Amino acid sequence: MKVLVAGSGGREHTISWRLAQSAKVTEVICVPGNGGTEYEAKCRNVNPKDDPALENLSFVEAVTKIAQNEKVEFAVIGPEDPLAEGIADSLWNAGIPTVGPKAKGAALEASKDLSKVFMQKYGVACADSQTFTDKAEALAYVQKKGAPIVIKADGLAAGKGVVVAKTLEEALKAVEDLMGGQVGSAGDKLVIEEYLQGVEISVLAAVSVTEESAANGKACIKAFLPARDHKRLMDGAQGPNTGGMGAVCPLSDVTAETMAAFDKDILQPTLKGLVAEKMDYRGFIFFGLMITKNGPKALEYNVRLGDPETQAVLPMMDFDFADLCQAIMNGTLNEFEMKWKSGFQVAPVAVSGGYPASYPKGKVITYDDAKISAAGAKVFIAGAIKDRRAATPTQITSGGRVLACSAHGDTFDEAWKKAYEALEGVKFEGMFYRKDIGLPGAAESN
Ligand code: AMP
Ligand code: GLY
């Protein structure tokens, strides 16, 4: 069967690669895909910008058209923006089964206020918070509560909408900035939240909730192995925040007790809420968690897989990803057995020099294939495209986060060594990466 993957990042390369490994999948249409899916077996990039019949359509419209034209069996949506814009609604309406929540479910990520209301209503363990639309009231609340305190813009703000304020001054400035237009209308409403102390992890999960499955008791949520992103630019969790400098899966510092508490206090209450709210949620959900001394607390929901967590989690799967997608869509996730490889996966990310500030593009990437295959590593492309001018297959950088080098090992140390050995075989001008992904002291904590 033919399937479609929407998106152009490292997460989407990984999803496409996993789908292509299924014996049932003949072709993966990547819209628009990137320089990784360009050269991936069974994958074909279709860029709406290259087609005069599609170039003036919105992304949602273009993906729907392509899915129909190509007669795909189903679509998997990578990023949150098109989900919030109703891409799953559009595709289901056009008769294309889709992995990804409809717009109502996607609002759990698109509005922090809505997600907090949801968490509080259904007893999901999370930080205490209050929501404000009035600046004077928000400032008065911050004055009363004092620092540390966390100020969050309600809307999607491309990672720029959260300020963890250590001092009262910083907190007051964050309210002024976020409500003053720094993140546009995303900051018209603020969620002001209790500061949680602990270490962060990410848990991705598959969700299959429809009115029908809610009624027949088959509504289901199944968590993947826990993972961790490393968001700061520099070793030791120092420097500016980025889109993610590397991921590991699973986590030896997360106990079975913590995961049991996560299941009871966060995962199951979330499922209860999705059912009670009559969501049509067939897709993935990402829990950003703080492991505090009082147990795990939900920091946020994302309505998609994490990036770069996906690059470490999906290679650990010992089952057919296309089968999982179908179980999510047809309401049989409750019968689906998720088997996992033993060992660990480590996936450091290489970025363009200068990132997350300005950085050059168009740098040629070279590979020492012998080195990379000796390590058994897989390179997932995030920000690179095919060099159309080159006579031989060549990728050039096109983004800040360029690629992740993901490797497996029976032990964490083995996986770590292989990932970094392979990364030494990848070169582009200005390339930079953290040397401590997954090591003690590398995780974000406070
Ligand atoms: P969010 O987009 O809500 O995940 O927030 C971005 C980052 O801010 C998280 O990854 C945490 O590092 C931090 N953060 C968010 N909420 C809190 C909180 N209540 N206490 C401490 N840190 C937080
Ligand atoms: N790795 C964090 C995210 O995908 O939002």
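The values are calculated or read from the model by the stated rules, or taken from the named source; none is laboratory data. Because the structure is a prediction, the values reported are computed rather than measured. Every residue, glycine as well, gets a Cβ built from its backbone with ideal geometry; the counts of neighbours run over all protein chains shown. Note: areas computed on protein heavy atoms with side chains; ligands, DNA, RNA excluded. Shrake-Rupley method; radii C 1.70, N 1.55, O 1.52, S 1.80 Å.
Can you pick out the pairs among K166/K341; K102/K135; K121/K189 whose Cα atoms lie more than 29 Å from each other? Don't skip to the end; give the middle numbers.
Working: K166/K341 41 Å; K102/K135 32 Å; K121/K189 19 Å.
Check vs 29 Å cut-off fails for K166/K341; K102/K135.
How far apart, in nanometres, would the label points at Q268 and D188 be if each is projected 7 angstrom from Cα along the Cα-to-Cβ direction?
Label at Q268, label at D188, 3.9 nm between them.
With springs connecting C-alpha atoms under 10 Å apart, model the chain as a Gaussian network and identify which of G283, G35, G180 has the largest mean-square fluctuation.
Highest fluctuation among the options: G180.
Test of understanding: extend the Cα→C-beta vector of F432 to 7 Å, then name every residue of the stretch 203-237 with backbone N under 15 Å from that spot.
231-237
Please sort by residue number the trypsin sites (Lys or Arg not before Pro) in the stretch 374-446 whose DSSP state is loop and whose Cβ has at most 14 other Cβ atoms within 10 Å.
Working: sites: K378, K386, R388, R389, R401, K417, K418, K427, R434, K435; in loops: R388, R389, R434, K435.
Here the sparse-neighbourhood loop sites are R388, R389, K435.
Could you give log10 I(q)/I(0) at q = 0.13, 0.14 Å⁻¹ for the stretch 216-363, computed by the Debye formula over C-alpha point scatterers of equal weight, without solvent?
-0.70, -0.80
Just the ratio, please: alpha-carbon radius of gyration of the stretch 133-220 over 2.2 N^0.38 Å, N its number of residues.
Dividing the Cα radius of gyration by 2.2 N^0.38 Å gives 1.44.
Could you please state, rounded to a whole Å, how far the C-alpha centre of the stretch 186-251 is from the C-alpha centre of the stretch 97-175?
15
Just read off the accessible area of K166 with the full protein assembly in place, 1.4 Å probe, to the nearest 10 Å².
Here the accessible area works out near 120 Å².
Once Rh for the chain is found with the Kirkwood sum over Cα pairs, what is the Stokes-Einstein diffusion coefficient at 25 °C and 0.890 mPa s, in µm²/s?
110
What residue among Q182, Q311, Q345 has the largest mean-square fluctuation in a Gaussian network model of the chain, using Cα springs under 10 Å?
In this elastic network of the chain, the residue with the biggest mean-square fluctuation among Q182, Q311, Q345 is Q182.
Exactly which GluC sites (Glu not before Pro) in the stretch 31-122 are in a DSSP loop and have at most 14 other Cβ atoms within 10 Å?
Numbers: sites: E38, E40, E55, E61, E70, E73, E80, E85, E109; in loops: E40, E55, E70, E73, E85.
Answer by residue number: E55.
Taking all pairs of distinct Cα atoms, average 1/r, flip it, and tell me the Kirkwood hydrodynamic radius of the stretch 348-405 in Å to one decimal place. List each step's numbers first, then the result.
On the way: mean 1/r = 0.0830 Å⁻¹.
Mean inverse Cα-Cα distance, inverted, gives 12.1 Å.
Taking the stretch 18-76, which trypsin sites (Lys or Arg not before Pro) meet the DSSP loop condition and have no more than 12 other C-beta atoms within 10 Å? Each step should come with its number before you reach the end.
On the way: sites: R18, K24, K42, R44, K49, K65, K71; in loops: K24, K42, K71.
Taking the stretch 18-76 and a limit of 12 other Cβ atoms within 10 Å, the loop trypsin sites (Lys or Arg not before Pro) found are K24, K71.
Between E170 and D320, what length in nm is gained on full extension when 0.36 nm per residue of separation is reduced by their alpha carbon distance? Working shown, then result.
Working: separation 150, 0.36 × 150 = 54.00 nm, distance 4.79 nm.
Computed gain between E170 and D320 is 49.2 nm.
Would you please calculate the Kirkwood hydrodynamic radius of the stretch 6-162 over all C-alpha pairs and express it in Å, rounded to one decimal? Display every interim value, and only then the final one.
Values: mean 1/r = 0.0557 Å⁻¹.
Evaluated on the stretch 6-162, it is 18.0 Å.
What net charge do the residues around P226 carry, taking every other residue with its C-beta under 10 Å from that of P226, with Lys and Arg at +1 and Asp and Glu at -1?
With Lys, Arg at +1 and Asp, Glu at -1, the net is -1.
For F284, what accessible area in Å² do you get when you roll a 1.4 Å probe over the heavy atoms of the protein chains, rounding to the nearest 10?
Accessible surface of F284 is approximately 10 Å².
Starting from the 7 Å offset along Cα-to-Cβ, what nm value, one decimal, do you get for the label separation of T392 and D50?
It is 2.2 nm.
Ratio of the stretch 149-278's C-alpha Rg to 2.2 N^0.38 Å, to two decimals?
Details: Rg = 18.0 Å, N = 130, 2.2 N^0.38 = 14.0 Å.
Scaled against compact globular proteins, the figure is 1.29.
Compare V191, V248, V349 in a GNM of the chain, Cα atoms joined below 10 Å, and give the one with the largest fluctuation.
V191
Summing Lys, Arg as +1 and Asp, Glu as -1, what charge do residues with Cβ under 15 Å from the Cβ of S445 carry, S445 excluded?
Working: positive: K166, R228, K231, R232, K293, K297; negative: E200, D229, D235, D253, D436, E444.
Every neighbour counted, the sum reads 0.
Quick check on packing: order 315-322, 142-149, 228-235 by the mean number of other C-beta atoms within 10 Å, highest mean leading. Please report the intermediate quantities before stating the final value.
On the way: 315-322: 17.5, 142-149: 15.2, 228-235: 20.2.
Per-residue Cβ counts within 10 Å, averaged per peptide and sorted highest first, yield 228-235, 315-322, 142-149.
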